[in-house]
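Following: one structure in structure tokens, then a few remarks.
The values are calculated or read from the model by the stated rules, or taken from the named source; none is laboratory data. This structure is a prediction, so every number in the text was calculated from the model and none was measured. Neighbour counts run over all protein chains shown; Cβ positions are idealised from the backbone, glycine included. Side chains are part of the model used for accessible areas, which takes the heavy atoms of the whole protein and leaves out ligands, DNA and RNA. Shrake-Rupley method; radii C 1.70, N 1.55, O 1.52, S 1.80 Å.
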Amino acid sequence: VAARFAARVRAEARLELASGARVSGRPDDEVVIDSAVIGEVTAALGTSQYDAGRLVDLADRLVGVLPETRTALEQGRIDLPRAQALAQATAVLSDDDARRVQAQLLPGPGAAPWDGSSPRAWKERVLRVVHRVDRDAVRRRRERAMADRCVRAWPNGDGTADLLIRGEHTDVVMAEQVLSDLAARAPETGPDGQPRSVAQRRADVFFDTLRRIRDGQPLPALAIRREREIGLVLHADTLFGDGPAAHDPGELRGLGSPEPVEAASAAQLAREQIAGGAGTRVLLTDAYGTVRHLVRLSSAPPAGWTRESLVQAVRGTLPTLPPLWVEGYSPTGHIADHVRARSPRCTAYACPRAARRCDLDHDEPWPRGPTAVHNLHPRCRRHHELKTRRLLRTRLAPDGTLATTMLTGVTTITRPPPLPGHGAGEGYAHARGERSAHGTGEVDAH
């Protein structure tokens, strides 16, 4: 209905514009027509311009480009958020390539949305397939998104207001980490004597910092520390530009779902960070992409890493790697790094919380269960509490796959996202029966 309504408004708008004179310096006709369509839909449905624009874009995509997705939506096999994710992610592709992505994804869901992957896992899978169909699509999508970077504010009508800041992923991760560090130093009790949650303290220190800038007061200082969270992950083949995964995307971590970065940009960003003194961590995996060990290398050679020097450095550390288990309740930093590298966000179904802001949950409670990588997974405080109080049950597999059974008996399965180079169709996609030229017994380095 929305697509037919929009098509009618477009047709009438084109006739009206064709009968009038062009105005110098005015926007292109298509821009004016799109504004007219959104205005008509906004008035007809009594909704916001933002929601009207999203509805029109989705309707156009589902009717004109992705009819099989529309059919799956009508049949209840996927829900509206999954259809939107597919439509939006394929907007940078040609219509034929968008339909190729559709053909690869739609066999995945079951008879209903909850039969398949979580909404976040679905979106991650969509983006990886988009990259395989058109390797340059990730770059174009990123450039289009960066062109829309902004700061926006709007009131909520209850004495509060929202501030939206959209910017470069790495800049937002940096800002979020600084706010978290400032909040950790802030008093847990506010001026009114009431306890403040971490979220409340983060908001308070943000506005306090801006208030200090406005008033010319000294700004709070933070000690420089090495962040444990992995920021950029890419396959060694991508970094060095050769091998089966040379053209596979990297990913940025730190804000929940990993964000894909096309191969050339990932390699360039990695080289720049290494040249700037950033430490290198190497994830050693088995042939199926399961993390087996994490190696921390303090610094790169003056000329940067070559594959040979990287392999040699990793081999030199293997005899001295710390164990992946420890006596006692608290995991070591090495164990925590390993677990969070394997699972970059909370393992609850569709939870967006980044692993570095989660507890490390003993799946089999300690001391009955050991403090070891095969018994630990990141769990945000809310979902950790649900499990501790027996409102759900979990079962963790050695590769990080987690089965969660709810009170109703529904069981969800969450799996660590595939590392770069190990996604379906990528260079080392052994998990789907695909074999690379390197065979199945080698260790891959990330």
Quick one: order R82, R393 from most to least accessible surface, probe 1.4 Å.
R393, R82
Spin-label pair T189/L106, simplified geometry with 7 Å Cα→Cβ offset, distance in nm
6.1 nm
Taking the chain as a Gaussian network, Cα atoms linked when under 10 Å apart, which of V41, V295, V261 shows the biggest mean-square fluctuation?
V41
Which residues' amide hydrogens lie under 5 Å from the amide hydrogen of R281, considering only partners 5 or more residues apart or on another chain, with H built in the peptide plane?
L297
When a/c reaches 1.5 or more, the comparison of a/b and b/c decides; with that in mind, is the range 307-429 rounded, prolate or oblate per its Cα gyration tensor?
oblate
List the residues, sorted by chain then number, that are 5 or more residues from L232 or on another chain and whose placed amide H is less than 5 Å from its amide H.
R253
Heavy atoms only, 1.4 Å probe, whole protein assembly: order D215, D158, D29 by accessible area, highest first.
D158, D215, D29
Could you pull the accessible area for R149 with a 1.4 Å probe, rounded to 10 Å²?
140 Å²
Leaving ligands, DNA and RNA out of it, rank E143, E308 by accessible area with a 1.4 Å probe, largest first.
E308, E143
Could you tell me the accessible area of M174 in Å² (1.4 Å probe, neighbours in place), rounded to the nearest ten?
100 Å²
For the pair E16 and L318, how long in nm is the line joining their label points, each one 7 Å along Cα→Cβ?
7.2 nm
Summarise the accessible area of the range 200-277 (1.4 Å probe, protein heavy atoms) by the percent that is carbon and sulfur.
54 percent
Give me the number: length gained by fully extending S298 to T160, i.e. 0.36 nm times residue separation minus the C-alpha to C-alpha distance, one decimal in nm.
45.1 nm
How long is the gain from D51 to S197 if the chain were fully straight, where each residue apart is worth 0.36 nm and the alpha carbon distance is subtracted?
49.3 nm
What accessible surface, in Å², does a 1.4 Å probe find on S94, ignoring ligands, DNA and RNA and rounding to the nearest 10?
60 Å²
Rolling a 1.4 Å sphere over the protein heavy atoms, what is the accessible area per residue of the range 293-389, to the nearest Å²?
51 Å²
What accessible area per residue comes out for the range 69-219, rounded to a whole number of Å², with a 1.4 Å probe?
59 Å²
Can you tell me how the range 240-294 classifies by the Cα gyration tensor, rounded, prolate or oblate, using a/c under 1.5 as the rounded cut?
rounded
For the pair E327 and L219, the simple spin-label estimate (label points 7 Å beyond Cα toward Cβ) gives in nm 4.7 nm
Mean-square fluctuation maximum in Gaussian network of the chain, Cα pairs under 10 Å, restricted to R253, R141, R166, hits R166
Go through (i) 27; (ii) 38; (iii) 50 and flag the label whose value is the computed percent of Cα pairs over 36 Å apart for this structure.
(ii)
Once Y288 and E385 are pulled to full extension, the length gained, defined as 0.36 nm per residue separation minus their Cα-Cα distance, is 31.7 nm
Note, ³J(HN,Hα) from phi for the range 406-415, Karplus 6.51, -1.76, 1.60, rounded to Hz, x at Gly and Pro
7, 4, 6, x, 5, 10, 10, 10, 10, 10
Near the amide H of G256, under 5 Å away, which other amide H atoms are found, from residues 5 or more places off or on another chain, if H is placed in the peptide plane?
A354, A355
For the range 273-350, what does the alpha-carbon gyration tensor say about shape, rounded, prolate or oblate, given a ≥ b ≥ c as the root eigenvalues, a/c under 1.5 as rounded, and a/b over b/c as prolate?
prolate
Treating only the Cβ atoms of Lys and Arg (+1) and Asp and Glu (-1) as charged, compute the dipole magnitude of the chain about its Cα centre; round to the nearest 20 debye.
920 debye
